[in-house]
Amino acid sequence: MRADDIPEIRALGLFREMEAENFDTLVRGGYFQTFPPQVDLITEGDAADFLHIIVSGSVELYAGWNARETSMATVGPISTFILAATIRDAPYLMSARTVEKSRIILLPSNDVREVFERDHAFARAVVTELAQCYRSVIKNTKDLKLRTSLERLANYVLRRHHGNGGALEFELGQEKRRLASLLGMTPENLSRAIKALRPHGAEIDGTWVRITQKNDLERLAKPSRLIDDHCS
């Protein structure tokens, strides 16, 4: 890690309140690297040797079983993955690969656990991060179990709408294969849901979305802050 990388890392919320000595311990064996798209970063089942922190770009978390694969989440800056495995010294439950060019900090898990034990400010920041991750998992599970595929797609469109400042036209944000997996559908089911969404006020053409009747879309989606607000 270069000396001029240190201030950027120190400014991240996870490390901002740490004691200087403990921060030095944490970054002494760290790396700050840039990865091209479609690079495998971690493999499901392997030991959690490093804590990864995305500074720019995006990373897909995915899992496989019995010759099947599914996308679990797409994470962007500034966030960690997979923090729970690092803290518990447990195997990764998911694999990860870059979606686009990404700048990522890698901190040795042994150093993370050592500093976690003795730096209260860092421990509080870690617990806050884990709590946010836990709540996101619960919300995602509720989305998958309580909604139909069409309702899940409608709410995804509304979240993208709000994330783009209320614009009525915006990019889908995922390639359709990955989006289908994230929403718990097959690509064929996603294609049918896209067609079925048109009468409810949203059109998806390629990678672009256009909301034509927002009120109709909201009546279908029935968005809930207890499912769709991923910031709380």
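Quick check on the range 133-150: of everything there that is over 13 Å from Ile227 (Cα atoms) and surrounded by 13 or more Cβ atoms within 10 Å (Cβ to Cβ), which residue is nearest to the chain's Cα centre (by Cα)?
At the first step, the residues of the range 133-150 found to be over 13 Å from Ile227 (Cα atoms) are 133, 148-150.
Still in the running and surrounded by 13 or more Cβ atoms within 10 Å (Cβ to Cβ): 133, 149-150.
Numbers: Cys133: 9, Ser149: 21, Leu150: 22 Å.
Filtering the range 133-150 for residues that are over 13 Å from Ile227 (Cα atoms) and surrounded by 13 or more Cβ atoms within 10 Å (Cβ to Cβ), the one nearest to the chain's Cα centre (by Cα) comes out as Cys133.
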Kindly provide the set of residues from the range 137-190 that are without any contact (Cβ under 8 Å) to a residue 60 or more places away in the chain, of a type in the set (A, V, I, L, M, F, W, C) and assigned to a helix (DSSP H, G or I), ordered by number.
-> Val137, Ile138, Leu144, Leu153, Leu179, Ala180, Leu190
Condition set aliphatic (A, V, I, L, M) and in contact with a Leu (Cβ under 8 Å, 6 or more places away or on another chain), scope the range 28-54, selection farthest from Asp143 (Cα to Cα): answer is Leu51
Taking interchain pairs and intrachain pairs at least six residues apart, which have beta carbon atoms under 8 angstrom, with the first residue in the range 42-61 and crowded, with 18+ Cβ neighbours inside 10 Å and modelled with pLDDT under 95 and the second basic (Lys, Arg) and in a loop (DSSP other than H, G, I, E, B)?
-> Gly57/Lys101
Per the filter on the range 35-51, residues out of contact with any helix residue (DSSP H, G or I) (no Cβ under 7 Å at 6 or more places or on another chain) and within 13 Å of Met94 (Cα to Cα) are Asp40, Leu41, Ile42, Thr43, Glu44, Gly45, Asp46, Ala47
For the range 193-207, name all the residues that are without any contact (Cβ under 8 Å) to a residue 24 or more places away in the chain and either in a helix (DSSP H, G or I) or in contact with a His (Cβ under 6 Å, 6 or more places away or on another chain) (or both).
-> Lys195, Arg198, Pro199
Starting from residues that are aliphatic (A, V, I, L, M) and touching a Ser or Thr at 6+ places or on another chain (Cβ under 8 Å), keep the ones in the range 56-72 and report whichever is farthest from Phe15 (Cα to Cα).
-> Ala63
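Condition check: farther than 30 Å from Glu21 by Cβ and at pLDDT below 95. Does Ser149 satisfy that? Before you say what the answer is, go through the steps one by one.
Working: farther than 30 Å from Glu21 by Cβ: yes; at pLDDT below 95: no.
Judged against the criteria, Ser149 is not a match.
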Checked Ser95, Ser71, Ser102 against criteria (among the hydroxyl-bearing types (Ser, Thr, Tyr), at pLDDT below 95 and surrounded by 13 or more Cβ atoms within 10 Å (Cβ to Cβ)); the one match is Ser71
Restricting the first residue to the range 208-232 and requiring it to be part of a loop (DSSP other than H, G, I, E, B), which pairs with a second residue that is among the hydroxyl-bearing types (Ser, Thr, Tyr) meet a Cβ separation below 6 Å and a spacing of at least six or different chains?
-> His230/Ser136
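The values are calculated or read from the model by the stated rules, or taken from the named source; none is laboratory data. A quick note: this is a predicted structure, and the numbers were derived from the prediction, not measured. With ideal geometry, Cβ positions are generated from the backbone for all residues, glycine too; neighbour counts draw on all protein chains shown.
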